[in-house]
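Enquirer: Here's a structure for you.
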Amino acid sequence: MALFAILLLVCEKGSSQQIIFKGQLSGWAGYYTGATLPLLAGGRYLPQVNYETKGAEFEVAANIFGNSSIKPFTESLWEGDIKLYRGWIKLTSKRAELRVGLQKINFGSATLLRPLMWFDRVDPRDPLQFTEGVWGALGRYYFRDNSNIWLWALYGNKDSRPWEIGLTSQWRPEFGGRVQIAIPRGEAAISFHRREAMLTGFAGIAENRYAFDIKMDLTIGISLEATWINKRADLGILTNQEMVCVGTDYTFGLGNGLNIIAEHLIFSSDREPLSFSNTMNLTALSGNYPFGMFDSINYILYYDWKNGGVYNFVNWRHTFTKFSLNLMGYINPTESHIPLTGNSLNRYSGSGFQIMLVYNHQSKKMLNKILR
């Protein structure tokens, strides 16, 4: 409420102002072999309020969820909570914006295998694309040709994220930036981030991350995303991590249009920087075909070349006016060796199926008359 009051003070008298209330309610049930409690059921509600006026916006959202895992007639486990999901203020001008609070930050050119998954935990297989936010400030400036500069500072975040080794020191600030430039038929960017990592047996260790990514449309889409993570201490093969992901996407003119995405990732963890002496290779393939305006099917495959793991996922989606129904099936290794999700409950381990129903609602109210 304090953030909302601040926005009321900074808004211009007579400017267009509106409050938006929306939410997403989802429920799921299924069976999977990757746990001792194979039956799964749960639900999540994400209520969200946005206040918008000239030059400013406020958003707050909650995460209300419950999960139950059951082994019929013998054992069950329940977990649930109510947490803040988003909570930020954004101030904007013609070419710049500043967003402060609990927010989602993501960028990069890859889709299925993302070396630049630095701050989010989005699983490409998740119909909800759910991810926790991070506490911090993000500023962006946009040039006339759509090139832009990002600067961020994070504080108070301790949860582990995909690709990270060691937890982040919660009360030490993280900071970084990104320069993204427009190039013929695409865009390219360089990124940097610094945090303090906490590893067992060590005091806080400074860690620098460097990245380059590019995406171009050359009849077919091509992308490259590469990162180098360097810890400023000798940790053996944990000192340096390198990731390079190359990808392509194309929509074939078959029927209603078959979209194919293919990506390959090389990951290495080494004592010496950029030596690529302990590599792991992952390949990902996604195919999406719409049967019409309301139905589509999506197939995603991951292959772990080192461990021989094959990860298969298929989702048929039917869309109603405000509802969507997802019927999912998967055949995966029981133990995953690839960091595709940061959810506390991995619904896609082993083999199984899942049904998910999602309801979205939204309402708007103009506030000009109220605030005059």
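Enquirer: Kindly establish whether Asp159 is in contact (Cβ under 8 Å) with a residue 40 or more places away in the chain, more than 17 Å from Ala211 (Cβ to Cβ) and not in a strand (DSSP E or B).
Expert: Considered against the rule, which asks whether it is in contact (Cβ under 8 Å) with a residue 40 or more places away in the chain, more than 17 Å from Ala211 (Cβ to Cβ) and not in a strand (DSSP E or B), Asp159 comes out as yes.
Enquirer: Now, a different point. What are the residues in the stretch 141-156 that are part of a strand (DSSP E or B) and either within 30 Å of Ile205 (Cα to Cα) or in contact with a His (Cβ under 9 Å, 6 or more places away or on another chain) (or both), if any?
Expert: Passing the criteria: Ile149, Trp150, Leu151, Trp152, Ala153, Leu154.
Enquirer: Could you figure out which of (1) more than 25 Å from Asn360 (Cα to Cα); (2) β-branched (Val, Ile, Thr); (3) modelled with pLDDT of 95 or more; (4) more than 20 Å from the chain's Cα centre (by Cα) isn't true of Ile89?
Expert: Single failed check for Ile89: (1).
Enquirer: Does the stretch 276-292 include one or more residues that are β-branched (Val, Ile, Thr), farther than 22 Å from Leu224 by Cβ and touching a strand residue (DSSP E or B) at 6+ places or on another chain (Cβ under 9 Å)?
Expert: Scanning the stretch 276-292, I find no residue that is β-branched (Val, Ile, Thr), farther than 22 Å from Leu224 by Cβ and touching a strand residue (DSSP E or B) at 6+ places or on another chain (Cβ under 9 Å), so the answer is no.
Enquirer: Same structure again: Restricting to the stretch 1-49, count the residues that are of a type in the set (S, T, N, Q), modelled with pLDDT of 90 or more and crowded, with 16+ Cβ neighbours inside 10 Å.
Expert: The qualifying residues number 3.
Enquirer: When the stretch 227-250 is examined, which residues are found to be surrounded by fewer than 20 Cβ atoms within 10 Å (Cβ to Cβ), among the aliphatic types (A, V, I, L, M) and under 30 Å from Arg172 (Cα atoms)?
Expert: Result: Ala233, Leu235, Ile237, Leu238, Val244.
Enquirer: Right, next: Is one or more of the residues making up the stretch 326-333 surrounded by fewer than 18 Cβ atoms within 10 Å (Cβ to Cβ), closer than 28 Å to Tyr45 by Cβ and of a type outside the set (Gly, Ala, Ser)?
Expert: Checking the stretch 326-333: at least one residue is surrounded by fewer than 18 Cβ atoms within 10 Å (Cβ to Cβ), closer than 28 Å to Tyr45 by Cβ and of a type outside the set (Gly, Ala, Ser).
Enquirer: Just checking, does the stretch 278-286 include any residue being out of contact with any helix residue (DSSP H, G or I) (no Cβ under 9 Å at 6 or more places or on another chain) and closer than 19 Å to Phe353 by Cα?
Expert: yes
Enquirer: Looking at Ile181, Ile165, Ile149 in this structure, which one is surrounded by fewer than 17 Cβ atoms within 10 Å (Cβ to Cβ), over 20 Å from Val100 (Cβ atoms), β-branched (Val, Ile, Thr) and modelled with pLDDT of 95 or more?
Expert: Residue meeting the stated conditions: Ile181.
Enquirer: Name, by its number, the condition in (1) assigned to a strand (DSSP E or B); (2) among the small types (Gly, Ala, Ser); (3) under 28 Å from Gly247 (Cβ atoms) that does not hold for Ala110.
Expert: For Ala110, the failing item is (1).
Enquirer: Being modelled with pLDDT under 95 and over 26 Å from Ile190 (Cα atoms) is the requirement here; does Thr53 meet it?
Expert: When the stated conditions are applied, Thr53 passes them.
Enquirer: Applying the selection to the stretch 23-53, what residues are touching a Ser or Thr at 6+ places or on another chain (Cβ under 9 Å), within 16 Å of Asn326 (Cα to Cα) and of a type in the set (A, V, I, L, M)?
Expert: Matches in the stretch 23-53: Leu40, Ala41.
Enquirer: Would you check which residues across the stretch 200-213 are buried (at least 18 other Cβ atoms within 10 Å of the Cβ) and under 24 Å from the mean Cα position of the chain (by Cα) and list them?
Expert: Glu207, Arg209, Ala211, Asp213
Enquirer: So for the stretch 119-136 (the condition being at pLDDT 95 or above and more than 19 Å from Arg86 (Cβ to Cβ)), does at least one residue qualify?
Expert: Scanning the stretch 119-136, I find no residue that is at pLDDT 95 or above and more than 19 Å from Arg86 (Cβ to Cβ), so the answer is no.
The values are calculated or read from the model by the stated rules, or taken from the named source; none is laboratory data. Quick caveat, the model's predicted, so the values are computed rather than measured. Every residue, glycine among them, receives a Cβ derived from its backbone with ideal geometry; neighbour counts consider all protein chains shown.
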